[in-house]
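The values are calculated or read from the model by the stated rules, or taken from the named source; none is laboratory data. What you see is a predicted model, and the numbers here were worked out from it, not measured in a lab. Please note: Cβ atoms are built from the backbone with ideal geometry, for glycine as well, and neighbour counts cover all protein chains shown.
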């Protein structure tokens, strides 16, 4: 199956496709998934999109990636609960932004301490992909991916799991519609510049600056989305 140009009709189409392969039983617990390169070729998307999808699935506990060996389906995938209308899925845009403003700047500080060079490269890759994005959905995908990668760079599995839940709430319809209405060309350029400064602070291993830049970015996003 090749997703091709449809890949960004929903910002997480690739992740959802891989998750469906697992939940359908095609890849059972303990099974090894195809390589990133093979999945990218099969789905007709860039390899970085597959890499980020796998990172989110790992945060959700569905897969585990072993350096030098590959990506494997976990035992937890066999008993993955159906989504319910809980506090995560029902969160409003205001609740999402309040949580992100409280949590994410501190994650940037942790990422400065724990991020590997590969982590920093992956964060910057998301930023560059967002700059090159041709559509709103593609930009939104890489915007979310950049923030997800910062959480992953903390190398704290509990934090990664919590942040994966936050990422999923951003997929709800009213968030996407609100973001699309608020995202003018000028604001997108501003977000890209702010992301660049965040990446620069992380690269410099400057925790205070990374936290400050991320907080400033999120406060601007809240202002554009919610008007305060």
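Matching residues to (1) assigned to a helix (DSSP H, G or I); (2) in contact (Cβ under 8 Å) with a residue 60 or more places away in the chain:
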position: 154; (1), (2): no, no
position: 158; (1), (2): yes, no
position: 161; (1), (2): yes, yes
position: 168; (1), (2): yes, yes
position: 177; (1), (2): yes, no
position: 180; (1), (2): yes, no
position: 192; (1), (2): yes, yes
position: 198; (1), (2): yes, yes
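Which residues, taken from segment 30-61, are outside any helix (DSSP H, G or I) and at pLDDT 85 or above? Show your work before the answer.
To start, the set of residues in segment 30-61 that are outside any helix (DSSP H, G or I) comprises 30-35, 44-46, 60-61.
Across segment 30-61, the qualifying residues are 30, 31, 32, 33, 34, 35.
Take segment 209-223 and flag every residue that is exposed (fewer than 15 other Cβ atoms within 10 Å of the Cβ) and in contact (Cβ under 8 Å) with a residue 24 or more places away in the chain.
Within segment 209-223, 219, 220 qualify.
Does segment 112-121 include one or more residues that are in contact (Cβ under 8 Å) with a residue 12 or more places away in the chain, buried (at least 19 other Cβ atoms within 10 Å of the Cβ) and more than 24 Å from residue 14 (Cα to Cα)?
yes
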